[in-house]
Amino acid sequence: MQALLDAIHHLQPGADAHRVFHGRGGLYAGCEHLTLDAYPPVFVLTSFRPLADDQLVQVGDALQARWSQVAPGEPLNWVFQCRHEGRSDTRLMAGAVPEPHVVSEEGARYRVHVLRGQNHGLFLDMAEGRRWVRAHVGARPGAAMLNLFAYTCAFSVVALQAGAGRVVNVDMSAGAIAIGQQNHRLNGVEGGASFLPHDLFKTWGKVTRGGPYDLVVVDPPSYQKGSFVATKDYARLMRRLPELLAPGGHALLCLNAPELGVAFLQDQMRELAPSLRFVERVANPAAFADVSADRALKVLVYAAPAGE
């Protein structure tokens, strides 16, 4: 656990939510089960196997010592979540968690909930994907965007901040969509956004009627029983992309499944959507460095042919 303690010893306070330590990337022997995130003003330690009490005391002492140095007089707030054998247990270890808990990222604000569930409301590994959308839409003011598996609609927020004309957000979870609506209100970008708590695979009618789109973001879970399994369901999305995209439009395909490499997306795109051209792979945040590019989050950009 020394690598985690070293990272804590060097941490600096920051205004934006970010990852502090990424043991899951496999670069720190013995720490592959550990991550530490900052959702200011709260730190969240996650372990994918149980930690002994003395190890938690070590982490707490290290956080307190560093926090006393870099934020004297400020209370230390931290949460521990253990995910093991399909279950998760979350504990407030010190301080408090604000309610509502709102964090920022590059000028955008988001509601998060670090004391419940495994997904806290903002996926920190997708920061560069959101930055790409902000830049892409900023160069195409008025663009229409389709945000599939929108979750809490962070892509929509940055797109509208960048000047998108309209964004259609689709997710089968009404609860996630409701938080997404709150995020739009938080950022003053309610105009131009629509929200569909809808299962795509039951009918595409509501989505296709709103097209074509200049940008389609596809960010599904890799495995969610009863709703999406990447190995069989991603292909169903790929087939739809050519009809959803406007001439010259772009698609951002995301996949966070360590067992599925880049070829999983690229090979199927060549077969199922051959008219779309691969443009680039968006780099992941430096804090999410991984021993294998194939294991890490994959964010690929494709472009439709331009019109005549």
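The values are calculated or read from the model by the stated rules, or taken from the named source; none is laboratory data. What you are looking at is a predicted structure, and each value in this text was computed from that prediction instead of being measured. All Cβ positions, even for glycine, are placed from backbone atoms using ideal geometry, and neighbour counts span all protein chains on display. Surface areas here come from the heavy atoms of the whole protein model, side chains and all, with no ligands, DNA or RNA. Shrake-Rupley method; radii C 1.70, N 1.55, O 1.52, S 1.80 Å.
Conditions (1) of a type in the set (K, R); (2) over 21 Å from the mean Cα position of the chain (by Cα); (3) modelled with pLDDT under 95; (4) crowded, with 21+ Cβ neighbours inside 10 Å, marked per residue:
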| residue | (1), (2), (3), (4) |
| --- | --- |
| Q2 | no, yes, no, no |
| D6 | no, yes, no, no |
| C31 | no, yes, no, yes |
| T35 | no, no, no, yes |
| P40 | no, no, no, no |
| V57 | no, yes, no, no |
| A62 | no, yes, no, no |
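Looking at this structure, is A139 aliphatic (A, V, I, L, M) and in contact (Cβ under 8 Å) with a residue 12 or more places away in the chain? Working first, answer last.
Details: aliphatic (A, V, I, L, M): yes; in contact (Cβ under 8 Å) with a residue 12 or more places away in the chain: no.
Here the answer is no, as A139 does not meet what is asked.
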Residue count for region 199-242, restricted to those that are in a helix (DSSP H, G or I) and farther than 19 Å from D267 by Cβ: 4
Residues (open to solvent by less than 10 Å² (accessible area, probe 1.4 Å), closer than 10 Å to K298 by Cα and without any contact (Cβ under 8 Å) to a residue 60 or more places away in the chain) located in region 235-269: L253, L255, A257, L265
In region 73-103, the residues that are in a strand (DSSP E or B), open to solvent by 50 Å² or more (accessible area, probe 1.4 Å), within 22 Å of S173 (Cα to Cα) and not basic (K, R): S88
Within region 104-137, tally of residues that are surrounded by fewer than 19 Cβ atoms within 10 Å (Cβ to Cβ), part of a loop (DSSP other than H, G, I, E, B) and aliphatic (A, V, I, L, M): 1
Residue match in region 153-172 (condition: farther than 24 Å from L300 by Cα, over 17 Å from the mean Cα position of the chain (by Cα) and in contact (Cβ under 8 Å) with a residue 12 or more places away in the chain): no
Condition check for V279: of a type in the set (V, I, T), closer than 22 Å to R140 by Cβ, touching a strand residue (DSSP E or B) at 6+ places or on another chain (Cβ under 9 Å) and open to solvent by 40 Å² or more (accessible area, probe 1.4 Å): yes
Region 249-308, residues that are under 26 Å from A164 (Cα atoms), of a type in the set (D, E) and not in a strand (DSSP E or B): E308
